[in-house]
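First the structure, in the form of structure tokens, and then the observations on it.
The values are calculated or read from the model by the stated rules, or taken from the named source; none is laboratory data. Bear in mind the structure is a predicted one, so any value in this text is a computation, not a measurement. Ideal geometry is used to build each Cβ from the backbone, glycine not excepted, and the neighbour counts take in all protein chains shown. Note: areas computed on protein heavy atoms with side chains; ligands, DNA, RNA excluded. Shrake-Rupley method; radii C 1.70, N 1.55, O 1.52, S 1.80 Å.
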Amino acid sequence: MLKRLSQLYVGLVLYGVSCGLYIQTGLGADPWDVFHLGIAQTFSLSVGHVIIITGALVLLLWIPLRQRPGLGTLSNVLVLGLAADATLALMPPLTSLITCWLVLIFAVILNAIATVMYICAGFGPGPRDGLMTGLHRRTGWSLRLIRTSIEVTVLLIGWSLGGNFGIGTIVYALAIGPMIQFFLPWFQKDSHLLSPQPAKLAPKIITEVKEET
């Protein structure tokens, strides 16, 4: 249990750090963070506060979907935003385009590792991923359609509000799926610690929540 908890929280912190890193590059964020940035600029809030508020509101949508949050779900709401804000506060400005690209590539790799870590810990998916899988189970629509619809919607809303959509957004969309698949065996080997039927459960969840269009 201690090992799983450590993996959960290290994964969540690293995920928040990765968000802060690719936001800081200015090359473009993933769709949800484009949304977070747009809302943050509109209401003069920190990105981390918007991530926390958005996670809590999305979690409310789980109620009609009859989704049950786990410890990982609830922790996701708080930890990601706090880690993202801390990263943005501590990280110096990036003055070189080459440095921005190196940080972006590192951030995507770190994001993939963090995703596999916290999902393989077996304490439940994040609010946004759970919304997608919940809609999939309730409606029978393909996960690809649901994921694309939600992410295009939040991307357009965020972009219209001034969120940073750019080449980094496209890089993230193309790279994150293969990167997660690459890092999955690193943590799946300890999946006997999960319950129930961890070896079957963790890959299934990751395949669902990170299937790319």
Exercise. Touching a Gly at 6+ places or on another chain (Cβ under 6 Å), at pLDDT 90 or above, of a type outside the set (A, V, I, L, M) and within 19 Å of residue 15 (Cα to Cα), is that true of residue 165?
Worked result: no
Exercise. Only one of 153, 73, 95 is without any contact (Cβ under 8 Å) to a residue 60 or more places away in the chain, outside any helix (DSSP H, G or I), at negative phi and not aliphatic (A, V, I, L, M); which?
Worked result: 95
Seminar exercise, completed: Counting only residues in segment 99-150 that are among the hydroxyl-bearing types (Ser, Thr, Tyr) and in contact (Cβ under 8 Å) with a residue 12 or more places away in the chain, the one surrounded by the most Cβ atoms within 10 Å (Cβ to Cβ) is identified as 118
Exercise. Hey, residue 162 hits all of (1) surrounded by fewer than 17 Cβ atoms within 10 Å (Cβ to Cβ); (2) in a helix (DSSP H, G or I); (3) not β-branched (Val, Ile, Thr) but one; which does it fall short on?
Worked result: (2)
Problem set entry | Selection within segment 1-38 - charged (D, E, K, R) and under 11 Å from the mean Cα position of the chain (by Cα) | 30, 33
Problem set entry | Answer from 188, 181, 197 - the residue that is open to solvent by 30 Å² or more (accessible area, probe 1.4 Å), modelled with pLDDT of 80 or more, closer than 21 Å to residue 125 by Cα and not basic (Lys, Arg) | 181
For this session: Among the candidates 86, 56, single out the residue that is surrounded by fewer than 15 Cβ atoms within 10 Å (Cβ to Cβ), in contact (Cβ under 8 Å) with a residue 60 or more places away in the chain and out of contact with any strand residue (DSSP E or B) (no Cβ under 7 Å at 6 or more places or on another chain).
Result: 56
